[in-house]
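Colleague: Before I ask anything, here is the structure I am working with.
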Amino acid sequence: MAQRIVICGGGAIGVAIAYFLARGGARPIVIERHEVAGSASGKSGGFLALDWCRGTALDPLARRSFVLHAELADALGNPWGYRRLQTYAGWAVENEAARGAKRQPWLSEQVAITGRLGSPQTTALVEPRAFTTGLMRAAEALGAELRHGTVVDLARQPNGAVAGVALEDGEIVEGDAVVIAMGPWSILATRWLPLPAVYGYKGHSLIFRTGDAVPAEALFLEYQEANGEVLTPEVFARADGTVWACAISSTDTLPIDPAKVAPDDGAHDRLEALCRAISPALAAAPVIARQACFRPVTEDSLPLIGAVAGVDGAYVASGHNVWGMLNAPATGEAMAELILDGEARQIDLARFAPDRLRRFDPAQLRGVPA
Ligand SMILES: Cc1cc2nc3c(=O)[nH]c(=O)nc-3n(C[C@H](O)[C@H](O)[C@H](O)COP(=O)(O)OP(=O)(O)OC[C@H]3O[C@@H](n4cnc5c(N)ncnc54)[C@H](O)[C@@H]3O)c2cc1C
């Protein structure tokens, strides 16, 4: 009989694991508390780079994932606007023209382009909500199941091995294995499993409807506000005629309920003023979404990908930081190989072993609801 694998969390990571497990003949069950792609996996930039993790432990994962993104878009009909891009770096000072500098036609005279960071061979973009929901649909077509529910505990066999998960309403969802893929909410699983902490780091973004006013380009900018503060906005032109822009991070507290994530006061107004200053195309375009979300971060900034030591059938895939959209496919592929075959073949997961970091003391969550 096909293995039943319970995946906690319907973000890009959980959904990619479900897709590759279903492709491998297993029966994954994704349990999502809020909505698939309701958090960072639906609100992030969706920027992908082949070689920007060069020299770090992430490099093999990123390179494999960049290839898989192209293959998935091709194989599944690209309902998520996968496109290759030119990627530039630049700087701007509020209210000052960048005299004599190189310009891009869709940007204002405040913006100086300092160089090209990536070409269509090395940088690409997906629309993250469409990617995550599209991959969930593809997994369902292969036999995966999606359930709405809040995971509050593990179910165990008498010998301590994993038997499934317990939901808030008391239901037990049985499984031969369980994967924690709850993004920054994975910290709540330290109550059930010996895991290191995953923290949430908040970011704000806007989506403008620009039509065809902005070419297939991504821009990484240093922007000095009139008060002297420097922001580092990222601006990506999507295939669906929108432009996504983000800046302004904060260490605000993660709400336990993913549906309750809200922006910091004033953050969107500040970001909107910046966007309208750097581009006449953005100045003329309506804002169609104002978003805030938390990316999952570990103590050493590398993800946790692998088996949980000492608990048979327990796995984790979380803490993908700023590269979770890029690294979702290779993480899904590696986790499916690990769970079904006992070993990841494409990627050496040793560097991402969860027990490389010290275990988080769940007593610190006393008083925090499930
Ligand atoms: C502003 C911003 C821009 C970014 N830009 C990029 C980019 O350009 N490129 C890139 O590669 N990455 C980017 N990232 C990073 C990327 O978005 C994340 O690394 C990635 O989305 C994390 O995916 P995830 O599935 O681990 O977590 P999430 O997307 O947070 O998904 C976790 C899911 O778990 C669910 N959940 C929580 N608790 C429970 C529970 N108890 N039971 C069941 N389900 C639960 C949540 O509802 C949620 O849907 C960006 C992040 C931010 C914040």
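Colleague: For segment 204-324, give the magnitude of the charge dipole about the Cα centre (Cβ charges: +1 Lys/Arg, -1 Asp/Glu; no others), in debye to the nearest 20.
Modeller: 340 debye
Colleague: Something else: Which of 322, 6, 368 has the fewest other C-beta atoms within 10 Å, and how do the rest follow up to the most? Walk me through the intermediate numbers first.
Modeller: Numbers: 322 18, 6 27, 368 11.
Ordered from fewest to most neighbouring Cβ atoms within 10 Å, 322, 6, 368 come out as 368, 322, 6.
Colleague: Also, quick follow-up: Could you grab the relative contact order for the chain? Cα pairs under 8 Å, six or more apart, rounded to a whole percent.
Modeller: The value is 24 percent.
Colleague: Angle between the Cα long axis of helix 59-75 and the longest principal axis of the chain, 0 to 90 degrees, nearest 10?
Modeller: On a 0 to 90 degree scale, this one is about 90.
Colleague: If the reach is capped at under 25 angstrom between alpha carbons, list the lysines near residue 202, excluding any in the same chain fewer than eight residues apart.
Modeller: Correct list for residue 202: 43, 260.
Colleague: Something else: Relative contact order of segment 228-279: what whole-number percent is it, with Cα pairs under 8 angstrom and at least 6 residues apart?
Modeller: 25 percent
Colleague: For the modelled label position 7 Å from the Cα of residue 116 along Cα-to-Cβ, which residues of segment 198-226 have backbone nitrogen atoms closer than 13 Å?
Modeller: Of the residues in segment 198-226, 217-218 have backbone N under 13 Å from the label point off residue 116.
Colleague: Same structure again: Quick one: net charge of residue 294's neighbours, Cβ under 10 Å, K/R +1, D/E -1?
Modeller: Charge balance near residue 294 sits at +2.
Colleague: Output the relative contact order of segment 184-253, whole-number percent, from Cα pairs under 8 angstrom with separation of 6+ residues.
Modeller: So the answer I get is 33 percent.
Colleague: Based on Cβ point charges of +1 for Lys and Arg and -1 for Asp and Glu, what charge dipole magnitude is obtained for the chain about its Cα centre, in debye rounded to the nearest 20?
Modeller: 420 debye
Colleague: Sticking with the crude label model, points 7 Å out along Cα→Cβ, report the distance from residue 264 to residue 290 in nm, one decimal please.
Modeller: 1.6 nm
Colleague: What whole number of Å gives the distance from the Cα centroid of segment 209-245 to the Cα centroid of segment 137-153?
Modeller: Measuring centre to centre over Cα atoms gives 34 Å.
Colleague: A further question on this structure: Taking the Cβ of residue 178 as the center, what net charge do the other residues with Cβ under 12 Å away carry, scoring Lys and Arg +1 and Asp and Glu -1? Walk me through the numbers on the way to the answer.
Modeller: Details: positive: 4, 156; negative: 153, 174, 176, 312.
Net charge around residue 178: -2.
Colleague: I want to check the label-to-label distance for residue 363 and residue 216. Put each point 7 Å from Cα in the C-beta direction and report it in nm to one decimal.
Modeller: In this crude label model, residue 363 to residue 216 measures out at 5.6 nm.
Colleague: Using a Gaussian network model of the chain whose springs link C-alpha atoms within less than 10 Å, name the residue from 328, 70, 12 with the highest mean-square fluctuation.
Modeller: 70
Colleague: Relative to the longest principal Cα axis of the chain, at what angle does helix 267-278 sit, 0 to 90 degrees, rounded to 10?
Modeller: With rounding to tens, the tilt is 40 degrees.
Colleague: In segment 31-157, with Lys and Arg counted as +1 and Asp and Glu as -1 at Cβ, which of these residues, 135, 72, 120, has the Cα nearest the positive end of the dipole, that is, farthest along it?
Modeller: 120
Colleague: In cubic angstrom, how much convex hull volume per residue do the alpha carbon atoms of segment 29-169 span? Present the calculation step by step, with values, prior to reporting the outcome.
Modeller: Details: hull volume 26.5 nm³, N = 141.
Output value, Cα hull per residue: 188 Å³.
Colleague: Moving to a separate point now. Hey, what do the phi angles of segment 95-112 turn into as Karplus ³J(HN,Hα) couplings, whole Hz, using 6.51/-1.76/1.60 and θ = phi - 60°, x for Gly and Pro?
Modeller: Per residue, the Karplus-derived 3J(HN,Hα) values read 6, 10, 6, 8, 5, x, 8, 6, 10, 10, x, 7, 9, 7, 6, 6, 9, 9 Hz.
Colleague: Compute the signed sum of charges (Lys and Arg +1, Asp and Glu -1) over the other residues within less than 14 Å, Cβ to Cβ, of residue 98.
Modeller: The answer is -1.
Colleague: Calculate, in nm to one decimal, what residue 57 and residue 226 gain on full extension: separation in residues at 0.36 nm each, minus their alpha carbon distance. Intermediate values should be presented prior to the final figure.
Modeller: Values: separation 169, 0.36 × 169 = 60.84 nm, distance 3.85 nm.
Answer, rounded to one decimal: 57.0 nm.
Colleague: Further question: Relative to the longest principal axis of the chain, what angle (0 to 90°, nearest 10) does the C-alpha long axis of helix 324-341 take?
Modeller: Helix 324-341 sits roughly 20 degrees off the main axis of the chain.
Colleague: Could you pull out every residue, at least 5 positions away or on a different chain, whose amide H is within less than 5 Å of the one on residue 152? Hs are placed 1.01 Å off N in the peptide plane, and Pro or chain starts have none.
Modeller: 166, 167, 168
Colleague: I would also like to ask the following. For segment 194-242, rounded, prolate or oblate, judged on the Cα gyration tensor with a ≥ b ≥ c (square roots of eigenvalues), a/c < 1.5 rounded, else prolate if a/b > b/c? Provide the component values of the computation, followed by the final result.
Modeller: Values: a/c = 2.96, a/b = 1.38, b/c = 2.14.
Cα axes put segment 194-242 in the oblate bin.
Colleague: I would also like to ask the following. Give the peptides 200-209, 349-358 in descending order of average Cβ contacts within 10 Å, highest first.
Modeller: Peptide ranking by packing, descending: 200-209, 349-358.
Colleague: Show the residues, 5+ positions off or on another chain, whose built amide H is closer than 5 Å to the amide H of residue 110.
Modeller: 98
Every read-out reported here was derived from the displayed coordinates using simple, explicitly stated rules and does not represent laboratory data. Not measured: the values here are computed from a predicted model. Counting neighbours? That spans all protein chains shown, and the Cβs are built from the backbone with ideal geometry, glycine included.
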